[in-house]
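Read the structure below first, then the notes.
The values are calculated or read from the model by the stated rules, or taken from the named source; none is laboratory data. Worth saying up front: this structure is predicted, and the values here are computed from it rather than measured. FYI the Cβ positions are ideal-geometry reconstructions off the backbone, even for glycines, and counts take in every protein chain you see. Note: accessible area is taken over every heavy atom of the protein model, side chains too, but ligands, DNA and RNA are not part of it. Shrake-Rupley method; radii C 1.70, N 1.55, O 1.52, S 1.80 Å.
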Amino acid sequence: MFDFIEKHYQKRISLTDVAAAVNISSGHLTTVVWPKTGRPPLEWITERRMAQARRLLTETDLTIAGIAHNVGYTDAAYFVRTFRIAHGTTPLRWRRAGRE
């Protein structure tokens, strides 16, 4: 599962895609992963995307929309909402804080 996420997080992937990659149902994947890791598979996808987004925010001048697209989000507004939930701040504020 983690290898698939690492190789594909920049694309639009779903829980079904991850489950198919490891040849089990999405329900079974959640049942197996959550107890072992303490987090559901979709959180692992989001975390990988957020890790790359944080890096791009501090190390590049890509636009927020460009970063969103680069980490697998087709909707920049959804990316901003997801980032804010995960980090308690907007991507733009994160970028500014990282460059001060």
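Worth a mention:
- Cα gyration tensor shape of segment 37-78, rounded if a/c is under 1.5, else prolate or oblate by comparing a/b with b/c: oblate
- Here each label is just a point 7 Å from Cα along the line to Cβ, and for E6 and Q52 those points are 1.3 nm apart.
- Potential lengthening of the chain between L15 and R96 amounts to 25.9 nm, from the contour at 0.36 nm per residue minus the alpha-carbon distance.
- Average accessible surface for the chain: 61 Å² per residue, computed with a 1.4 Å probe over protein heavy atoms with every protein chain in place.
- Computed [θ] at 222 nm, helices only, for the chain once each DSSP H run of length n ≥ 4 contributes -39500 (n - 2.57): -21500 deg cm²/dmol
- Lys/Arg +1, Asp/Glu -1 at C-beta; segment 3-100 dipole; positive extreme among H28, I13, T60: T60
- (i) 27; (ii) 22; (iii) 15, with the label sought being that of the calculated percent of Cα pairs over 24 Å apart: (i)
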